[in-house]
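Input: a single structure, listed below in structure tokens.
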């Protein structure tokens, strides 16, 4: 049935592709619409679309997802809803840890696994995680998002399903030790004093101690919690571990941690474009991260094709018309509504903010 865009509610499913001025659809059929999708339709001045009840699409969606250890995914496959639920549940867990309660691995698993089922095959979902993050609740958003990004990288590295889930848990738990740091420090809006920074630098060790001895968790998960701030060149903390001494889980978690942190709104600074962050991680941080893993993240998140719709950091929307094979994050973009093509290789002040199609 046809429905006016301004009457749409999240959860309905498109029955046909939605086109704008390009040969590629801006949203494809069988997509279950979220609030973000509806905003995109409005942004492209789409007045009405063909939709159906989400019930008829539910079975198809479930078949495409990985087998879950919970029934939550069967009841709700909307990513954003599951994401928000996971953040709320993680916040409760974190507050319990602050009060001295032991880590409940089963509960953390319940929060993370349903999200993995949806996000693993969708690079654009991984790329959009920073849009959900809120500065005042950053630490909870960060945990959930780092778990998803870590699992995504593990899948691209051809890890087993078990390792993919373990890396999701590792990512979600890397900052559990922050629950033992004074809240006034990690919620501080000003620069930390040297003594405060030294206290923060203890959170990997505190997290390791919180998880040590728990059943159902691999040693590699413990090491990723301990080593996620270590760097390949030995410049990290808390122990200055480097090179071959770093666990592979730790290398993955380190990249996921920095990527999400730099692209998210924080109390003390604004977020940055994911593509600007990827460039910085490749250039400014050369020698600090595992090159193979970082290149996988860059390649997956910049797998553009001609015709892809993107939004730039200045708010302009356009279509990619040429991809520079030497600089995937800086293609040529034809701006909508004007006779202008921007070569991002020459406009170092601009970056791609997000992918629209």
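For the stretch 309-355, the calculated P(r), taken from all Cα-Cα distances in 10 Å bins from zero up to the bin holding the longest distance, is 31, 63, 6 percent. Rounded to the nearest 10 degrees, the inclination of helix 138-156 to the longest alpha-carbon principal axis of the chain is 80 degrees.
Here the Debye sum runs over all C-alpha atoms of the stretch 66-301 as equal scatterers in vacuum, and log10 of I(q)/I(0) at q = 0.11, 0.12, 0.16 Å⁻¹ comes out as -0.50, -0.61, -1.17. Distance from the alpha carbon centroid of the stretch 170-217 to that of the stretch 324-357 works out to 39 angstrom.
Relative to the dominant Cα principal axis of the chain, helix 161-173 is inclined by about 70°.
Stretching the chain fully between residue 156 and residue 305 yields a gain of 51.7 nm (0.36 nm per residue, less the alpha carbon separation). With a Förster radius of 41 Å applied to the C-beta separation of residue 270 and residue 81, the computed FRET efficiency comes to 0.95. The slack in the chain from residue 286 to residue 6, taken as 0.36 nm per residue of separation less the alpha-carbon distance, amounts to 96.1 nm. Estimated at 0.36 nm per residue, the fully extended path between residue 209 and residue 92 surpasses their Cα-Cα distance by 40.1 nm.
Here, the stretch 144-242 has an Rg and a Dmax of 14.4, 43 Å when only alpha carbons are counted. With q set to 0.15, 0.16, 0.19 Å⁻¹, the log10 of I(q)/I(0) for the stretch 224-306, from the Debye formula over equal scatterers at the Cα positions, is -0.55, -0.62, -0.84.
Read-outs: derived from the displayed coordinates by stated rules, not from any lab. Owing to the predicted nature of the structure, the values given are computational and were not obtained by experimental measurement. Here the Cβ is made from the backbone with ideal geometry for all residues, glycine too, and neighbour counts use every protein chain on show.
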